[in-house]
Amino acid sequence: MIVGPGPRVPAMPRTVTLAITLPAPPSRLYAMYLNPREHAAFTGAPVKIAARAGAPFAAFGGALTGTILQLVPNRLIVQSWRSTEFAKRDTDSTLILSFWPDGNGGRIELTHVNVPDSDFAGVSEGWSKYYWIPWRTHLEGLSRSRPRKRPK
């Protein structure tokens, strides 16, 4: 008797864990993420988001969608999150962003759970490409454009 391969078992979802320190206090980073105008300013794309549990989230022309699940002011954002790269059978992932003081700036610790294996690389690389790098560039541009106080 010849035995062929068994039924294909879908790959298990994965977890992305990242952290970044940016040149702004954690409360400012938290507020920027939840403010549609500021979020769009650092990502370069319109976003629908609000600072309340139950609020819908959509970014990059609907390529990313979800819902704000929980907020702890200035400390924590939890949202359901889905990419158009997810298969229809994939469940929504959960994004957890926590905000911490770090020297003269703020640190964002990201845990993104239930990311489909098929989009793991895209999601992992996307955080740096579409969020961390442009956010840092935006904040550094803001600090350069502010007039410096003259010494007396």
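Read-outs throughout are calculated quantities, based only on the coordinates presented, and are distinct from any laboratory measurement. Values in this document were obtained by computation on a predicted structure and should not be read as measured data. Methodologically, a virtual Cβ is constructed for each residue, glycine included, from the backbone with ideal geometry; neighbour enumeration extends over all protein chains shown.
Of the residues that make up the range 114-127, is at least one surrounded by fewer than 14 Cβ atoms within 10 Å (Cβ to Cβ), among the acidic types (Asp, Glu), over 12 Å from the mean Cα position of the chain (by Cα) and farther than 15 Å from LEU29 by Cα? Among the residues of the range 114-127, at least one is surrounded by fewer than 14 Cβ atoms within 10 Å (Cβ to Cβ), among the acidic types (Asp, Glu), over 12 Å from the mean Cα position of the chain (by Cα) and farther than 15 Å from LEU29 by Cα, which makes the answer yes.
Take GLY105 and tell me if it is more than 15 Å from the chain's Cα centre (by Cα) and under 23 Å from HIS138 (Cα atoms).
Values: more than 15 Å from the chain's Cα centre (by Cα): yes; under 23 Å from HIS138 (Cα atoms): yes.
In short, yes.
Within the range 111-127, the set of residues being among the hydrophobic types (A, V, I, L, M, F, W, C) and under 16 Å from ASP92 (Cβ atoms) comprises VAL113, VAL115, PHE120, VAL123. For the range 11-70, how many residues are of a type in the set (S, T, N, Q) and more than 18 Å from ARG82 (Cα to Cα)? Qualifying residue count, the range 11-70: 3.
Considering the range 32-134, the qualifying strands (runs of 3 or more DSSP E), each wholly inside and each with 3 or more residues that are free of Cβ contacts under 8 Å to residues at least 24 places away in the same chain and not small (Gly, Ala, Ser), run over 64-72, 76-83.
Hey, among the residues in the range 35-49 that are hydrophobic (A, V, I, L, M, F, W, C) and in contact with a strand residue (DSSP E or B) (Cβ under 7 Å, 6 or more places away or on another chain), which one's farthest from ASP90 (Cα to Cα)? For the range 35-49, the residue satisfying everything is ALA40.
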